[in-house]
Amino acid sequence: MSDVNRRQWLSRVGAAGVAAVAGTGSSAMGQEPGKPPQPVKPERLALEDFQPKSMLHVPETKVSQWRFPVIDVHTHLTFCARGKNGVPHGEEIKFLASPDDLLPVMDRKNIRLMVNLTGNHGKGLEEAIQRFQQAHPDRFMVFTEPGYDHFNRPDYPRWQADEIGRAHQAGARGLKVLKALGLYLREGVTSGPLVKIDDPHFDLMWESCAAFKMPVAIHISDPEAFFLPIDRFNERFEELNNHPDWSFHGRDFPSNRELLEARNRMFARHPKVAFIALHFGNNAENLASVSECLDRFPNMYVDLAARVGELGRQPRTARKFFEKYQDRIMFGTDAVPNGTMTPQQVFSDKLYEIYYRFLETEDEYFDYAPAPKPPQGRWQIYGLGLPESILRKVYYENAKRVLGIGD
Ligand SMILES: [Zn+2]
């Protein structure tokens, strides 16, 4: 209803009310004798404007910091400066923050170490290592990434394996694989058929990681809803509407299941590599399936980055999962300094407080992101209330072991 129509409509209701008062002496506006009051019909509301406030009166626990040091295994402090059709290109990097921007928040939240996964390779990697890891060796760690723009050269498998060795020499502590593998990288780099995750061109790269004891942090596929049409049945409609480029429905995209199966074939072929399957094994909506994978692959770990929204809406299943796999789960947030495009990931005190509240308290029905509206789906979450023995492992000990950090 437009403003004008609404005003006209209200004035008619008002006039009827006055008539009723004049005729009967009743004090109820709009009420005819013997008839209940007519409810005022609400205006139609756009979904994007809907910001309901919970009327639940339940405890709110503020957890400012964990008593012991935390390792955040999943952050993005630098990125490859250039990309083509979703594939990172070249060695240049851009810095999203400096250590001085980050250290005060890290100190307040008791984060001992942040792992910058997207350190790129070559010259860019060296710069990232210099600025973060060399300047503050006990606070930052940098991972390298594949040089996909070299994928076409005939000696790519060897070159890539050697490049891992060079990255290790430069100080990189692990390898990060973006979802570009499986969803963007093509046989002609940006054209041709999509390259499969278990493509043998990468076998030497994985083995090189095992040889240098560099864990591989790997993002495969995306939430199941990203593979479905963006329609009224899609539970992540608003998120996909905000980021239509995150939709992998149609075209020549493989299904979520095909991507995970290709990943699993690759995991099976490389049992000596420690794989950190990011975003809760990239399948947080289906913990039974993540559980099967962890049982099958002793070399697989998961982090919880950007998935407290999923885990916190199934708190009973999630809690059992944390109990069973307490040695395989790592703390990660996917924090991006100034990352306003992804409200669930903006590096801030608030972001860490949400994660701590989720893991440590039994609070009910709270926001999973520091944002006015839940950005990944219209729901709220419940805390897991994990005991200290599990928290120690998830916050610190598991990462320390897998990343090879000394005391
Ligand atoms: Zn990430």
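The values are calculated or read from the model by the stated rules, or taken from the named source; none is laboratory data. Quantities reported herein were computed from a predicted structural model and do not represent experimental measurements. Heads up, the Cβs are rebuilt from the backbone with ideal geometry, glycines too, and the neighbour counts pull from every protein chain shown. The accessibility values were calculated without ligands, DNA or RNA, using every heavy atom of the protein model including side chains. Shrake-Rupley method; radii C 1.70, N 1.55, O 1.52, S 1.80 Å.
What the table shows:
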{"read-out": "Yes/no for ARG158 being farther than 26 Å from TRP66 by Cβ and either crowded, with 18+ Cβ neighbours inside 10 Å or at pLDDT 95 or above (or both)", "value": "yes"}
{"read-out": "Qualifying positions in the stretch 290-316 - over 27 Å from SER208 (Cβ atoms), surrounded by fewer than 19 Cβ atoms within 10 Å (Cβ to Cβ) and touching a helix residue (DSSP H, G or I) at 6+ places or on another chain (Cβ under 8 Å)", "value": "SER291, GLN314"}
{"read-out": "Of all residues in the stretch 171-223 being of a type in the set (Val, Ile, Thr) and open to solvent by less than 10 Å² (accessible area, probe 1.4 Å), the one that is nearest to LYS400 (Cα to Cα)", "value": "VAL216"}
{"read-out": "Tally of residues being more than 16 Å from the ligand (Cβ to nearest atom) and either crowded, with 17+ Cβ neighbours inside 10 Å or assigned to a strand (DSSP E or B) (or both) across the stretch 48-73", "value": "3"}
{"read-out": "Selected residue [within 30 Å of TRP246 (Cα to Cα), touching a strand residue (DSSP E or B) at 6+ places or on another chain (Cβ under 8 Å), modelled with pLDDT of 80 or more and within 16 Å of the ligand (Cβ to nearest atom)] from HIS89, HIS76", "value": "HIS76"}
{"read-out": "Residue among GLU353, GLU323, GLU360 that alone is in contact (Cβ under 8 Å) with a residue 40 or more places away in the chain, crowded, with 19+ Cβ neighbours inside 10 Å, among the charged types (D, E, K, R) and away from the ligand (no atom under 14 Å from the Cβ)", "value": "GLU360"}
{"read-out": "Residue ID - nearest to the chain's Cα centre (by Cα), chosen from residues in the stretch 380-407 that are over 30 Å from MET214 (Cα atoms) and open to solvent by 40 Å² or more (accessible area, probe 1.4 Å)", "value": "TYR382"}
{"read-out": "Residue under evaluation SER247, criteria (1) open to solvent by 30 Å² or more (accessible area, probe 1.4 Å); (2) of a type outside the set (D, E, K, R); (3) within 23 Å of PRO343 (Cα to Cα), criterion not met", "value": "(1)"}
